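Let me begin by presenting the structure, written as C-alpha cells, before commenting on it.
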Amino acid sequence: MAKMFIAGESLDSVTGETYEVRNPANGEVVDTAPKGNADDARRSIDAAQAAFDEWSRTSAEERANLLFKTAEIVEAERKSLSELLTREQGKPFQESNTEIEHFLHGLEFYAGLASKVRGAQVPLPAKNAYGMVVRKPLGVCGAIVPWNFPITLMGTKVGPALAAGNTVVVKPASTTPLTTIRIIEMMNEAGLPKGVLNVVTGPGSIVGEELLRNPKVRRIAFTGESATGKHIASVACGEFKRVTLELGGSDPMIVCDDAEIPKAITGAMVGRFWNAGQACLAVKRLYIFDKVFDEFVEGLVSKVSRYEVGDGMTRAEKPKIRMGPLHTSDQRDEIEAQVDDAVSRGARVLIGGARPEGEDYERGFFYQPTILVDVTDDARVVQEETFGPVLPIFRVSSLDEAIERANNNIYGLGSSIWTKNLDNIESAIDRIEAGNVWVNSLHYGYDELPFGGVKASGFGREHGPEALDYYLEPKGVVITR
Ligand code: NDP
C-alpha cells in the first residue's frame, strides 16, 4: 500500500482510510493510496513550515548538489517508475519513459540555476545611500497537479521551488498518486532534509482546498482545468497567496501552402495523439491552406491509421504505433459527446469516431484516434477543450482568416505555424493570442523556455529561468552610509 510522505516519514492518513488506484487499460487495482483529509494536509503544511527556515538558509550550491543527487537516484529506477506510471495513468510505456526523462531534465535544469540567482544594486537620489534588491524564497509552496502528466507537471513546480529555497507540499491528482509518491520518497532518500518535500493524497476538494486556505501556505502553483483554476484563483488570491495557473488549451496549428507537408503531418499527428490527446498543449484545431488541404488530410489520415489502441504495457508491432486508453470513463464519455455534437452539426468522420471493438478492449477506456472535417465553428470541439484523441480540420484561404479563427477562442496556451515565409512567421508570432508559438515545430514545452497561457489558459509561467521569479520575492533594501 502506498503512503503519504510527510516530514521524512511514510504515513497513512489520519483516519486510516484508503482508496484504490485502478489501471485505465483493464480496471485492475494497481495499489491503494491513503485518502487524506484536511488534517493530513495541515500536518504536511506544518512539516514544510518547520523545515523552511533551515532550508532557505542552506547554501545555493548545497541545494543544487542535492537536487542533482535526487535526479541521479530517480534515474536509476527509471524503468520501474515508467511501468508504474503506465499502469496508473494508461499512457504507453515509451511515453512514460519520456515523461520521466523530461522530469529529470527539468530537475537538473533548476539544480543548475540554483546558484545563478542575481539581485541588484540600485543608485538612489538620497545622499550617501544606495538601494539593493535581494530575492528571498517565499516559504511553503503548494503544488497541485493533474493526472495527464503527473510527473513532469510535479517537476515544473518542485524544481524551481526547491532550487530557490522554498519548501513544498505536493497534492497529486487522486487517480495518479503512485509514481509521484515513489519519486518523492526517493528524492527524500537522496538527502533532502525532513519536511522540505512532502506529498499528501486525497480529494482535491478537501486536501487541495486546505492548501488554498491555510495561511502558512504562501504560494499555489496549479495545473488543471480552467473551471478549477477559477476557483483556485478566487480562494487563494483572496488569502493573499501568490498564484500561478496553467490551465486548459485549444491550440491552433496553421499550415500554409509553402509548408514542408510531411514534417507538418508528423507534427499534427504527434501533437494531437500523444498521451491519447490528453495534453494541454496539444494541437486541437488544425487550419490548412486550401491549396495543400487535400494532400495534407490524405497523408494525415493514412499516418493516423497506423495507431493501434491497446494496453500501454504491450508494444504494437511495427509499423503500428501504440496509443493507450483514455484515463477515465468520464473522460471518454466527454469525448464521445463532443464528437456526437460535431457530427450532429454536419461534421464528417474521416477515421475513428468510435470505441474499438473486441473483448480486449472491454475493460479499458479505449477510443479510436479520430479526425473530423466539415466542422462548424459553433461545435463543442471548437468552442471547448477536447481532452482526447479528436482532431477537427478546417480549410482556410489566407493567413488572416487562419489567425482570426485561431484567436476566436477562449483559450490561449500554445499555437503553431508551418511555413517558410518569414512574413507569415512574424505575423503569427505577433498576432496569435497564445503564450507560446512554435514555428515548424512540435507543440512541446522545453524546460529552457517560459511556458504558460493567456486568456482562459491561465497566468504565470512555468519552465525557463523565468519560473524562478514566481518562487522568489524581491525585497527592496536601502543602505545609508
Ligand atoms: P482538475 O482541475 O480536475 O484537477 C487538477 C488538480 O486539482 C487535481 O490534483 C485535483 O485533485 C485538484 N483539485 C480539484 N479540485 C480542487 C480544489 N477545490 N482545490 C484544490 N485542488 C483541487 O484537472 P484534471 O486533473 O482534469 O486535468 C486536466 C486539465 O489540466 C485539462 O484542462 C488540461 O488542459 C489542464 N492542463 C494544463 C496544463 C498547462 O500547463 N496549462 C498542462 C496539463 C494539463 P483531485 O484529482 O483529487 O480532484
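Quick notes
- Residue pairs whose Cβ atoms lie under 9 Å apart, separated by 6 or more positions or on different chains, with the first residue in segment 54-74 and surrounded by 13 or more Cβ atoms within 10 Å (Cβ to Cβ) and the second part of a helix (DSSP H, G or I) and of a type in the set (Phe, Trp, Tyr), are Arg63/Trp55; Ala64/Tyr110; Leu67/Tyr110; Ala71/Phe103; Val74/Phe103.
- Options Glu260, Glu209; residue that is within 30 Å of Lys420 (Cα to Cα), among the charged types (D, E, K, R) and in contact (Cβ under 8 Å) with a residue 12 or more places away in the chain: Glu260
- Per-region count, segment 194-242, residues crowded, with 24+ Cβ neighbours inside 10 Å, of a type in the set (A, V, I, L, M) and within 18 Å of Ala173 (Cα to Cα): 9
- Search result, residues across segment 21-47 that are among the acidic types (Asp, Glu) and crowded, with 23+ Cβ neighbours inside 10 Å: Asp40
- Any hit, segment 126-143, residues being closer than 30 Å to Met313 by Cβ, within 26 Å of the chain's Cα centre (by Cα) and not acidic (Asp, Glu): yes
- Residue list for segment 277-293, restricted to those being over 18 Å from Ser398 (Cβ atoms) and either charged (D, E, K, R) or not in a loop (DSSP other than H, G, I, E, B) (or both): Gly277, Val283, Lys284
- Qualifying residues in segment 220-239 (those that are of a type in the set (S, T, N, Q) and over 25 Å from Gly165 (Cα atoms)) - the one nearest to the ligand (Cβ to nearest atom): Thr228
- Odd one out for Ile425 among (1) within 12 Å of Ile254 (Cα to Cα); (2) surrounded by fewer than 16 Cβ atoms within 10 Å (Cβ to Cβ): (2)
- If the condition is being more than 8 Å from the ligand (Cβ to nearest atom) and more than 25 Å from Ser10 (Cβ to Cβ), then segment 178-219 contributes Arg213, Pro215, Arg218, Arg219.
Computed from the coordinates by the stated procedures, all read-outs in this text should not be read as laboratory data. None of the values given here were measured: they were computed from a predicted structure. Cβ: placed from backbone, ideal geometry, glycine included. Neighbour counts: every protein chain shown.
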